[in-house]
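Accompanying notes for the structure given below.
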Number of protein chains: 2
Amino acid sequence: MTMKRCIWTQAEAQRKSTYLSLSFGRRRYFPSALSSLLFFLQMEVDREEEQEQVVTPWEVAAKGDGKIDYDKLITKFGCQKLDHSLIDRVQRLTGQLPHVFLRRGVFFAHREFDQILNAYEKGDKFYLYTGRGPSSESLHLGHLIPFLFTKYLQDAFKVPLVIQLTDDEKSIWKNITVEESKRLARENAKDIIACGFDVNRTFIFSDFGYMGGAFYENVVRVAKCVSFNQVRGIFGFDNESNIGKIGFPPVQAVPSFPSSFPHLFPGESKLRCLIPCAIDQDPYFRMTRDVAPRIGYDKPALIESLFFPALQGEAGKMSAGDPNSAIYLTDSDKMIRNKVNKHAFSGGQDSQENHRKYGANLEVDIPVKYLSFFLEDDADLEHIKQEYGAGRMLTGQVKSRLIEVLTALVTRHREARSKVTDEVVDAFMAVRPLPWMFD
Amino acid sequence: MTMKRCIWTQAEAQRKSTYLSLSFGRRRYFPSALSSLLFFLQMEVDREEEQEQVVTPWEVAAKGDGKIDYDKLITKFGCQKLDHSLIDRVQRLTGQLPHVFLRRGVFFAHREFDQILNAYEKGDKFYLYTGRGPSSESLHLGHLIPFLFTKYLQDAFKVPLVIQLTDDEKSIWKNITVEESKRLARENAKDIIACGFDVNRTFIFSDFGYMGGAFYENVVRVAKCVSFNQVRGIFGFDNESNIGKIGFPPVQAVPSFPSSFPHLFPGESKLRCLIPCAIDQDPYFRMTRDVAPRIGYDKPALIESLFFPALQGEAGKMSAGDPNSAIYLTDSDKMIRNKVNKHAFSGGQDSQENHRKYGANLEVDIPVKYLSFFLEDDADLEHIKQEYGAGRMLTGQVKSRLIEVLTALVTRHREARSKVTDEVVDAFMAVRPLPWMFD
């Protein structure tokens, strides 16, 4: 159920119940009760109609065939498809080849990214905001996607960046203590920094560390504008949800507003914000964009990615409970080799003979999908897809190429991370001005 | 509806609906919907039974006769009556006459105040916590009650005190901006300081100023333990309530825990907290006491006061919309005189003749009630009550005595407040250790 439909439904139910209460209204609070009942019945109907994919920040479930229908998601969420004309504009404005994730449609949807480019063209800057919920010790490849892309945007556009570590959220949702959540936030910060962010243009903060002051003031401003009914519709909360969950969405909303960072953007209330994120985070920013004009702020723009598939295939789930479902940045070369060889779902045929005859099914082949995320050379990738798809290249050869690419990536990451000392983390997380952030 | 009954009702509804869903359960989420419906119906029945007094932090409404039934409130909330043996113990332990508000039953209920005294007797200290929602520029007499009493407790027991100004709450509930709410908090702090608190033992903070760090960590710990259903039952929130309201109760809860003030109580996780407040704040601390053991903290103790009556009588309401309903600390001598003479509800008879014959009805007489709050001399008060009750003293004489007492109080306050400079406010509100706070 989309938010729009939800709001419509609630309003509709309210009208109906008001009518009913006029007919046999006995008490003044009858309308709201009837409204709830009708709203519930309408939700039943909606669920019936849409027993399909569910995408929220905490649940991604595809329908029967296990594949997320991204076009449907775009319609449902009300965002726009990121088309080639926008990608061409990025190339023109930055004077460099757009990132692999843009060229290959990994970042495939947006909200007002065109406006960010319009403004940039006129000489107006913006800032980037992305984040992570620190729920695990080590990150997997999927976690890297938004950060690799954000680093590219930072370098290409020369703009400042804020990175939120929602240690409070993870402590509320997962059963982990405040202390453990804070520790994980710092550990994850090291992996993020290892992606190569520029300390002169990057402020990393954890909610437990940064909550307060102007940031908390904005949290209150947003929270005043959002009802329980709304977060129930947007995030799927229910009456048994704890009030930590119910109160959290404004905390993820407010980094979208420059006034939440007075040390970075003093007096710059009109600086636009661009949020690169996976599309499951869209509900937070739909809410944020609804509220922004009501409190006198600009709506943040978004650029949103697909989900990174599990090794077992797109229908599978990368889960901390199954270490073989994902490649972790802490995996050894041997583990990467084993995981890819044993667990990466192959679109190749069951016998070499059939493979030569029919070729691989690239639509479901995980090694090819992973290569399309991480193999930078377009010609190289195209060649592999052609040869493999035609059956001239075997699964083993493609896997072997992927192992090479991933091992190089993970090795590079491991080396970069080993250089991220506690002092480096402190430097990124210090609440400080960034005087050269637009240079 | 008491919290206990509410929780019971919800559990009961859940049982009933589970049964129903077994009979004609079509869908897995049917039980929760039926549960909501049954819960609502049960609430209807409860309301029917108890169309009586409502006491929440935002609404105090008596039943038909306009008088709050405090005994019923004690039973409903589940607190204890503050009896004479406890007041005698206070006298013994502090070596001084208990405060007028104790002697005359203004503070009339408690939770575990006896345990605070037991511990104090053994040499264990405690700390005091009280607060104010800064919703108006100037305070009236009723607002002073908890502060005057808290100052007495601080002096008598030589203990530290934290005072919370819930500027965030007022910005959420009332339609005032964050900036205005912060300004009012500082203005109110001046009135509070003027009550004579000791800067060496008192930390005043506003939520907008102090939120963050260990305080926010405790907010999250509490919020994780409380569901929407619970705050709905305790505070009367509904589905249209904004999530700022729903998320607020933990903010008022956590000053009950010493770990929320690491600059005051480093490592002192076992220091008990005593909260002097009006009984309408009890719901916050019922919730706090429920949660405390679940997160490894001690429950705060409470000592709770009656409500201060409006000039128009106990059935009236002191409201900012009607300046004649209350005496403000900014009222001039002339205004006090006029308000008492013109608006203070009198229990005297309609003619002097009848008055001499029947005497005044002290039960409803506001001048006598006000004197019982603010006239310190017990013998003097007793004399007035006897003479006035017997008809030998006239309303005009009692009012005149009250004007004298209130004018002195307000003058003293005005003078004290004029000495509270911004520097003094800063000193009280500085986040600092209080090394001599137990001396």
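Rule-based calculations on the coordinates, nothing more; no lab input. Note that the coordinates shown come from a computational prediction; the quantities given were computed from them, not determined experimentally. Note that we place each Cβ from the backbone using ideal geometry, even for glycine, and neighbour counts take in every protein chain shown.
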Inset, instruction - May I ask you to verify whether residue B:253 is away from every other protein chain (no Cβ under 14 Å) and farther than 21 Å from residue B:436 by Cα? - result: no
Inset, instruction - Give the residue that is surrounded by the fewest Cβ atoms within 10 Å (Cβ to Cβ), with candidates limited to residues of segment B:138-165 that are in a strand (DSSP E or B) and of a type outside the set (A, V, I, L, M, F, W, C). - result: B:140
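Among B:301, B:310, which is of a type in the set (A, V, I, L, M, F, W, C), over 14 Å from residue B:252 (Cα atoms), crowded, with 21+ Cβ neighbours inside 10 Å and touching a Leu at 6+ places or on another chain (Cβ under 9 Å)?
Sole residue among the options that is of a type in the set (A, V, I, L, M, F, W, C), over 14 Å from residue B:252 (Cα atoms), crowded, with 21+ Cβ neighbours inside 10 Å and touching a Leu at 6+ places or on another chain (Cβ under 9 Å): B:301.
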Inset, instruction - Specify the residue that is nearest to residue B:103 (Cα to Cα); the eligible residues are those in segment B:358-382 that are part of a loop (DSSP other than H, G, I, E, B) and over 22 Å from the mean Cα position of the chain (by Cα). - result: B:377
Legend entry - Count - residues of segment A:166-198 that are among the hydroxyl-bearing types (Ser, Thr, Tyr), in a loop (DSSP other than H, G, I, E, B) and either more than 20 Å from residue A:253 (Cα to Cα) or free of Cβ contacts under 8 Å to residues at least 60 places away in the same chain (or both): 1
Legend entry - Search result, residues across segment A:328-342 that are loosely packed, with under 15 Cβ neighbours inside 10 Å and outside any helix (DSSP H, G or I): A:332
Inset, instruction - Evaluate segment B:119-136: report whether one residue or more is of a type in the set (Val, Ile, Thr), part of a strand (DSSP E or B), touching a strand residue (DSSP E or B) at 6+ places or on another chain (Cβ under 7 Å) and crowded, with 18+ Cβ neighbours inside 10 Å. - result: yes
Inset, instruction - State the number of residues belonging to segment A:194-204 that are crowded, with 23+ Cβ neighbours inside 10 Å and among the aromatic types (Phe, Trp, Tyr). - result: 1
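Kindly indicate which of A:411, A:395 is surrounded by fewer than 20 Cβ atoms within 10 Å (Cβ to Cβ), of a type in the set (Ser, Thr, Tyr) and within 25 Å of residue A:334 (Cβ to Cβ). Steps first, please.
Working: A:395 fails: surrounded by fewer than 20 Cβ atoms within 10 Å (Cβ to Cβ).
Going through A:411, A:395 in turn, just one is surrounded by fewer than 20 Cβ atoms within 10 Å (Cβ to Cβ), of a type in the set (Ser, Thr, Tyr) and within 25 Å of residue A:334 (Cβ to Cβ): A:411.
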Inset, instruction - Would you check if residue B:294 is in contact (Cβ under 8 Å) with a residue 24 or more places away in the chain, surrounded by fewer than 19 Cβ atoms within 10 Å (Cβ to Cβ), within 13 Å of chain A (Cβ to nearest Cβ) and not in a loop (DSSP other than H, G, I, E, B)? - result: yes
Inset, instruction - Would you point out which residue out of A:228, A:235, A:248 is buried (at least 24 other Cβ atoms within 10 Å of the Cβ), closer than 28 Å to residue A:55 by Cα, within 11 Å of another protein chain (Cβ to nearest Cβ) and under 18 Å from the mean Cα position of the chain (by Cα)? - result: A:248
Inset, instruction - Could you list, in sequence order, all residues of segment A:206-227 that are in contact with a helix residue (DSSP H, G or I) (Cβ under 6 Å, 6 or more places away or on another chain) and either of a type in the set (S, T, N, Q) or closer than 20 Å to residue A:173 by Cβ (or both)? - result: A:206, A:207, A:208, A:211, A:218, A:219, A:222, A:223, A:226
Legend entry - In segment A:82-105, the residues that are in contact (Cβ under 8 Å) with a residue 60 or more places away in the chain and crowded, with 19+ Cβ neighbours inside 10 Å: A:82, A:90, A:100, A:101
Inset, instruction - Would you confirm whether any residue within segment A:204-214 is in contact with a strand residue (DSSP E or B) (Cβ under 8 Å, 6 or more places away or on another chain) and within 23 Å of residue A:418 (Cβ to Cβ)? - result: yes
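Conditions (1) within 14 Å of another protein chain (Cβ to nearest Cβ); (2) of a type in the set (Phe, Trp, Tyr), marked per residue:
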{"residue": "A:187", "(1), (2)": "no, no"}
{"residue": "A:195", "(1), (2)": "no, no"}
{"residue": "A:202", "(1), (2)": "no, no"}
{"residue": "A:206", "(1), (2)": "yes, no"}
{"residue": "A:210", "(1), (2)": "yes, yes"}
{"residue": "A:214", "(1), (2)": "yes, no"}
{"residue": "A:217", "(1), (2)": "yes, no"}
{"residue": "A:223", "(1), (2)": "yes, no"}
Legend entry - Number of the exception - residue B:428 against (1) buried (at least 18 other Cβ atoms within 10 Å of the Cβ); (2) of a type in the set (Phe, Trp, Tyr); (3) in a loop (DSSP other than H, G, I, E, B): (3)
